[in-house]
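Each remark here refers to the structure printed beneath this line.
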Amino acid sequence: MIGFDLVSKRYEGDHQALTDVSFQVDAGEMAFVTGHSGAGKSTLLKLLAMIERPTNGVVTLDGQKLNTVRPSDIPRVRRKLGMVFQDHRLLLDRSVFANVELPLIIAGVTPTERARRVRAALEKVGLLSYEKQLPGTLSTGEQQRVGIARAIVAKPAVLIADEPTGNLDPQLAMEIMGLFAEFQAVGTAVLVASHDLMLIKRMKKRVVVLDHGKLVADVPATEVV
Ligand code: ADP
Ligand code: ADP
């Protein structure tokens, strides 16, 4: 579902963010990408989201090589991807329902079908009764769950998250990770960037380790202790 084949990224000004990174994440697999600040975690996710382009190598999303995607085609390809951010990036002047509905409007889904899917997504994250509220009236953990509902409402094949639990206490963080594991269980490929080693160890999922832009370890879930 996710493929990196000898991927390098150099930003302007000679910042080498990634060097020859290769790994794959299959459908129904969940992996963490970890490493020190500046190791290249965000860059890796940005390449998948086509926010940045690789300098060398090939990034693949659901069998499609992203290098050759034309700019006009980016929105269509991005629909295969759900994205969760640390700061959730919700629209604060729109209801919870409207926030989660947004990707479906962009995808051209009919209003009746949108309502059905938004409620299904909100139910999955345990927030069905909050649909009319504004995000600002929710707790940080609840806001993050709205962000997750928005990321998965269009049923993407791949879910990526950049430090999704950075602002949460350990118990809430575990709840959020549990949600990701549930999407993994129904066949989504899940890739989560995190530097929270305690949390990563508790989850017992595959761990890809970056160090100064190089992939230095790829630990299978069965070997996480
Ligand atoms: P992480 O998410 O692991 O903290 P990043 O992917 O954000 O790492 O950054 C990797 C390296 O690339 C860092 O040295 C960072 O300063 C650099 N970098 C990230 N974004 C840019 C950018 N837009 N321009 C130049 N350098 C960047
Ligand atoms: P995050 O990990 O949340 O993206 P960062 O601190 O890595 O936060 O980066 C914040 C923003 O600044 C990002 O858009 C990133 O691309 C950019 N950035 C990071 N490092 C550099 C850098 N050395 N030069 C220019 N832009 C950078």
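Here are some notes:
- Within segment 78-106, restricting attention to residues that are among the acidic types (D, E) and part of a loop (DSSP other than H, G, I, E, B), the residue that is nearest to D62 (Cα to Cα) is D87.
- Qualifying residue in segment 114-125 (condition: more than 16 Å from ligand 2 (Cβ to nearest atom), assigned to a loop (DSSP other than H, G, I, E, B) and not assigned by TED's automatic domain parsing to the domain that holds K41): yes
- T165 being more than 14 Å from G28 (Cα to Cα), surrounded by 14 or more Cβ atoms within 10 Å (Cβ to Cβ) and of a type in the set (S, T, N, Q): yes
- Applying the condition of being charged (D, E, K, R) and surrounded by fewer than 18 Cβ atoms within 10 Å (Cβ to Cβ) to segment 16-45 and asking which residue is farthest from ligand 1 (Cβ to nearest atom) yields D26.
- Segment 48-73: number of residues that are open to solvent by 40 Å² or more (accessible area, probe 1.4 Å) and either not assigned by TED's automatic domain parsing to the domain that holds V21 or not in a helix (DSSP H, G or I) (or both): 11
- I51 passes every criterion in (1) more than 10 Å from ligand 2 (Cβ to nearest atom); (2) touching a helix residue (DSSP H, G or I) at 6+ places or on another chain (Cβ under 9 Å) apart from (1).
- Of V109, V153, V118, all but one fail to be open to solvent by less than 10 Å² (accessible area, probe 1.4 Å), closer than 23 Å to D62 by Cα and of a type in the set (V, I, T); the exception is V153.
- Residue count for segment 1-15, restricted to those that are assigned to a strand (DSSP E or B), more than 12 Å from ligand 1 (Cβ to nearest atom) and either open to solvent by 20 Å² or more (accessible area, probe 1.4 Å) or in contact with a helix residue (DSSP H, G or I) (Cβ under 7 Å, 6 or more places away or on another chain) (or both): 4
- Segment 75-96 - residue that is of a type in the set (A, V, I, L, M) and within 17 Å of the chain's Cα centre (by Cα) and, of those, surrounded by the most Cβ atoms within 10 Å (Cβ to Cβ): V84
The values are calculated or read from the model by the stated rules, or taken from the named source; none is laboratory data. Treat the numbers as computed from the prediction; the structure is a model and nothing was measured. Every residue, glycine among them, receives a Cβ derived from its backbone with ideal geometry; neighbour counts consider all protein chains shown. Note: areas computed on protein heavy atoms with side chains; ligands, DNA, RNA excluded. Shrake-Rupley method; radii C 1.70, N 1.55, O 1.52, S 1.80 Å.
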